[in-house]
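Take a look at this one; I'll ask things after.
The values are calculated or read from the model by the stated rules, or taken from the named source; none is laboratory data. Owing to the predicted nature of the structure, the values given are computational and were not obtained by experimental measurement. Neighbour counts run over all protein chains shown; Cβ positions are idealised from the backbone, glycine included.
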There are 2 protein chains.
Amino acid sequence: MNLKELSTLLGLSQTTVSRALNGYPEVSEKTRAKVIAAATAHNYSPNLRAQGLATGHSRCIGHVISARPSVETVNPIFGDFMAGAGEAYARHGYEMMLTQVPTDAEADTYRNLKARGAVDGVVVHAPSMNDPRLPVLQEIGLPFVVHGRASGTDTPYDWLDVNNRRAFEDATQYLLNLGHRRIALINGHEEMDFAMRRRAGFAAAMAAAGLEIDPMLTASGEMTEQHGYDHAMRMLARPDRPTAFLVASIISALGVRRALDANGLQMGREVSVVTFDDCLSYLGNGGAQPVFTAMRSSVRAAGAALADMLVDRIRDPGAPQKTTLWEAEFVIGSSTGAARRASQDQAIH
Amino acid sequence: MNLKELSTLLGLSQTTVSRALNGYPEVSEKTRAKVIAAATAHNYSPNLRAQGLATGHSRCIGHVISARPSVETVNPIFGDFMAGAGEAYARHGYEMMLTQVPTDAEADTYRNLKARGAVDGVVVHAPSMNDPRLPVLQEIGLPFVVHGRASGTDTPYDWLDVNNRRAFEDATQYLLNLGHRRIALINGHEEMDFAMRRRAGFAAAMAAAGLEIDPMLTASGEMTEQHGYDHAMRMLARPDRPTAFLVASIISALGVRRALDANGLQMGREVSVVTFDDCLSYLGNGGAQPVFTAMRSSVRAAGAALADMLVDRIRDPGAPQKTTLWEAEFVIGSSTGAARRASQDQAIH
DNA sequence: TTCCCCCCTCAAAGCGCTTTGGAATACGGC
DNA sequence: GCCGTATTCCAAAGCGCTTTGAGGGGGGAA
């Protein structure tokens, strides 16, 4: 069933039918009702591509997920982010399109998406410092919003970020207040902008307390469970082991916790753990008593908010850039406690 | 840059340019080379929608993710599945489109995708028994493949599934051989086809051993960490607590493990755990000594295989239906051990 | 040289929709 | 009764591509 068939079936012109369906005022309400009834009865929906050709836009948003060929890891926050964004897109009548490419081809992919008119806008994920994608997007004029920020980009752009620096500074301060001095940082890849900011927050609090950061007690890498486990094991094996861990992802925190178990250490008593929690829906850390003391910010909410921002940007390309900085919520769980001296630990065992 | 501009620029007709780019033999190799060079130089790619309008297909695959409004949970396997599928689609020159809808509207969504010509085919996720989506898809003639199976559908269709029944039967047998008798099952939603088969496998092994299933030792629900924790806590609080857990997802297994910790029970010694492992990339359970004894099957590989199947189906709609049943790999980790009598446990404490 | 054939190229139709500009109808007011 | 003004509708152009059916040119054979 296409427009022509429907219109002859109704004894109307294609124009009238199209206008009736698209809510134009030039058509009487009586006619409109009749048209809509017929459309639903015959399960008519305008052909996406024809509509797009005629209007010049696709009502489709692109998400380019870049899989480094070396790194086989899928970002665990991806599902929740897309769930939040998808809901918002649906509300605005947009579809979402995924493209998977090697990281180094991402800029070309944007050019291609633009050239083919495949999408009306894109969300930029996981920005790095001086991210090469942003200049490309600005050059080709493809509307975009950034999940996070890209330090080093001077022209303004739309972004939404969590105040990672503040969150990690506060979390570190919290651990310091509990008496911890040897604090380990299990971070993400530090080319990533967010990871850099997190380290900066950690470093600021440590410096303010007059403490040196032991390079042996920091790690950065892909935020898997294994990453948390491996580095925690390495650090716990040291004679001057850390009494607290600051972890960039709840997934890695699970690994840290496994390492504590393997060492017979009780989390929250012998060793404290604070983690960033993206509120992944399948890894609830909520309830009256959260397991992990955490800096919490819902990535799903971020997806929804960014989707709204992008739709706004597409509708009004000339509007001033909008930036949003969310503060992470700090929740106290049972994974932290006052620092103990190693001798105290020994005594217990 | 569009076809018309490119062709006048080259002094050729649109036909020739189009044919040159699409590899038709009617154009000389010399001309073709010139055209391709110009196209890359001017960053020309045919407009997706125009191309789709003319050819009648979209070179786009639909994935409908249904979010039950009540259940806010995102399926954790989603990211890995899409990563596998995306890679395969890219290889075949297909895009993927995501649509998020309430579960009860999913069938309508398929009709709509078809009516609008939005996609050339779809992947059906999480089939339930007598899944209402399959008849709809067959009726409207939208090519599809199913990740899993839908018992109760009699007309043939393309599917790829893991032998869930066999996996759970074997895993149960493994636990029985270790001397376990009180075995708990932490399952997914049992309207889901895979969960039903898993329970059937568990039940078969128990029955073969002449054991009754204690209804207090089974649970079904959304496979979150919390789900695993809550039910394990409930079961462990019983006087006749289980000595082993059979878990449907490594996410829930993490929750079971947390419950064991909370009860001061050591996994693999006092209580055994066997889990299904989808090989989520951020939750590695690999290495020389896996943490969890597991039934393992890569959901990423499944995504890739299903994508290939779907592309085949689209290219040859009349081909005989293809079905694939994968056997899960059984890996022995440190989460299982010989059953101990409760008294033994007591003695240790 | 002439003819024919093959190779290469082209003009134009059509995919299904939106939208412009114009035409037809209905309705009051003088 | 006539004209101006709304109101409602329509024909046709155009979005950028593919593809059909046909035309032009170069080379080999006679």
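Just to be sure before I move on: is A:Val124 without any contact (Cβ under 8 Å) to a residue 12 or more places away in the chain, away from DNA strand D (no atom under 15 Å from the Cβ), touching an Asp or Glu at 6+ places or on another chain (Cβ under 8 Å) and not polar (S, T, N, Q) in the structure I sent? Working first, answer last.
Working: without any contact (Cβ under 8 Å) to a residue 12 or more places away in the chain: no; away from DNA strand D (no atom under 15 Å from the Cβ): yes; touching an Asp or Glu at 6+ places or on another chain (Cβ under 8 Å): yes; not polar (S, T, N, Q): yes.
In short, no.
Is it true that some residue in segment B:88-110 is crowded, with 22+ Cβ neighbours inside 10 Å, within 16 Å of DNA strand C (Cβ to nearest atom) and under 26 Å from A:Gln100 (Cα atoms)?
No, because not a single residue in segment B:88-110 is crowded, with 22+ Cβ neighbours inside 10 Å, within 16 Å of DNA strand C (Cβ to nearest atom) and under 26 Å from A:Gln100 (Cα atoms).
Within the set of pairs 6+ apart or on separate chains, which have a first residue in segment B:5-22 that is away from chain A (no Cβ under 14 Å) and in a helix (DSSP H, G or I), a second that is among the aliphatic types (A, V, I, L, M) and within 8 Å of DNA strand D (Cβ to nearest atom), and C-beta atoms under 8 Å apart?
Short answer, once both residue conditions are applied: B:Ser7/B:Val17; B:Leu10/B:Val17; B:Gln14/B:Leu3; B:Val17/B:Leu3; B:Val17/B:Leu6; B:Ser18/B:Leu3.
Among the numbered criteria (1) within 16 Å of DNA strand C (Cβ to nearest atom); (2) touching a His at 6+ places or on another chain (Cβ under 6 Å), which single criterion is violated by A:Pro25?
If we test A:Pro25 against (1) within 16 Å of DNA strand C (Cβ to nearest atom); (2) touching a His at 6+ places or on another chain (Cβ under 6 Å), just (2) comes out false.
Same structure, new question: Tell me which residues, restricted to segment B:114-171, are under 18 Å from B:Ile61 (Cβ atoms) and of a type in the set (Lys, Arg).
B:Lys114, B:Arg116, B:Arg133
Here's the yes/no breakdown for (1) buried (at least 24 other Cβ atoms within 10 Å of the Cβ); (2) closer than 23 Å to A:Val74 by Cβ:
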| residue | (1), (2) |
| --- | --- |
| A:Ala208 | no, no |
| A:Met223 | yes, yes |
| A:Ala232 | yes, yes |
| A:Leu236 | no, no |
| A:Arg241 | no, no |
| A:Phe245 | yes, no |
| A:Ser252 | yes, yes |
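OK, next. In segment A:72-110, which residues are in contact with a Ser or Thr (Cβ under 9 Å, 6 or more places away or on another chain), farther than 24 Å from A:Val311 by Cβ and more than 9 Å from every other protein chain (Cβ to nearest Cβ)?
Selection gives A:Pro102, A:Thr103, A:Asp104, A:Ala105.
Moving on. Would you mind finding the one in A:Gly79, A:Gly86 that is over 18 Å from A:Ser66 (Cα atoms) and either within 15 Å of the chain's Cα centre (by Cα) or of a type in the set (Gly, Ala, Ser) (or both)? Can you show your working first?
Details: A:Gly79 fails: over 18 Å from A:Ser66 (Cα atoms).
Result: A:Gly86 is the single residue among A:Gly79, A:Gly86 that is over 18 Å from A:Ser66 (Cα atoms) and either within 15 Å of the chain's Cα centre (by Cα) or of a type in the set (Gly, Ala, Ser) (or both).
Could you list all residues from segment B:23-60 that are among the hydroxyl-bearing types (Ser, Thr, Tyr), modelled with pLDDT under 90 and not in a helix (DSSP H, G or I)?
B:Tyr24, B:Ser28
What are the pairs, 6+ residues apart or on separate chains, where a residue within segment A:45-61 that is in contact (Cβ under 8 Å) with a residue 12 or more places away in the chain and at the interface with another protein chain (Cβ under 7 Å from one of its Cβ atoms) has its Cβ under 7 Å from a residue that is more than 6 Å from DNA strand C (Cβ to nearest atom) and in a helix (DSSP H, G or I)?
Pairs found: A:Gly52/B:Arg49; A:Ser58/A:Gly52; A:Ser58/B:Arg49.
Here are some residues: B:His63, B:His57. Which one is within 14 Å of DNA strand D (Cβ to nearest atom) and under 30 Å from B:Asp312 (Cβ atoms)?
B:His57
If I filter segment A:28-63 down to residues being of a type in the set (Val, Ile, Thr) and over 27 Å from A:Ala83 (Cβ atoms), which single residue comes out as nearest to DNA strand C (Cβ to nearest atom)?
A:Thr55
Moving on to the next point. Please find, within segment A:64-76, the residue that is nearest to DNA strand C (Cβ to nearest atom) out of those that are hydroxyl-bearing (Ser, Thr, Tyr) and in contact (Cβ under 8 Å) with a residue 40 or more places away in the chain. Please lay out each step first, then the result.
First, the residues of segment A:64-76 that are hydroxyl-bearing (Ser, Thr, Tyr): A:66, A:70, A:73.
If we keep only those that are in contact (Cβ under 8 Å) with a residue 40 or more places away in the chain too, we end up with A:66, A:73.
On the way: A:Ser66: 33, A:Thr73: 42 Å.
This residue is A:Ser66.
Residues being surrounded by 18 or more Cβ atoms within 10 Å (Cβ to Cβ), within 24 Å of B:Leu53 (Cβ to Cβ) and within 11 Å of DNA strand D (Cβ to nearest atom): count how many of those fall in segment A:11-46.
Result for segment A:11-46: 7.
Got a sec? Which of B:Asp316, B:Asp278 is modelled with pLDDT of 95 or more and among the acidic types (Asp, Glu)? Explain how you work it out, then say what you get.
Numbers: B:Asp316 fails: modelled with pLDDT of 95 or more.
So the residue among B:Asp316, B:Asp278 that is modelled with pLDDT of 95 or more and among the acidic types (Asp, Glu) is B:Asp278.
Here's a follow-up. Can we say A:Arg116 is free of Cβ contacts under 8 Å to residues at least 12 places away in the same chain, surrounded by fewer than 19 Cβ atoms within 10 Å (Cβ to Cβ) and within 14 Å of chain B (Cβ to nearest Cβ)? Walk me through how you get there before you give the answer.
Working: free of Cβ contacts under 8 Å to residues at least 12 places away in the same chain: yes; surrounded by fewer than 19 Cβ atoms within 10 Å (Cβ to Cβ): yes; within 14 Å of chain B (Cβ to nearest Cβ): yes.
In short, yes.
With segment A:235-349 as the region, which strands (runs of 3 or more DSSP E) entirely inside it contain at least 2 residues that are within 14 Å of chain B (Cβ to nearest Cβ)? Before you say what the answer is, go through the steps one by one.
Values: elements: A:244-247, A:272-277, A:293-296, A:323-326, A:329-331.
Answer list for segment A:235-349: A:272-277.
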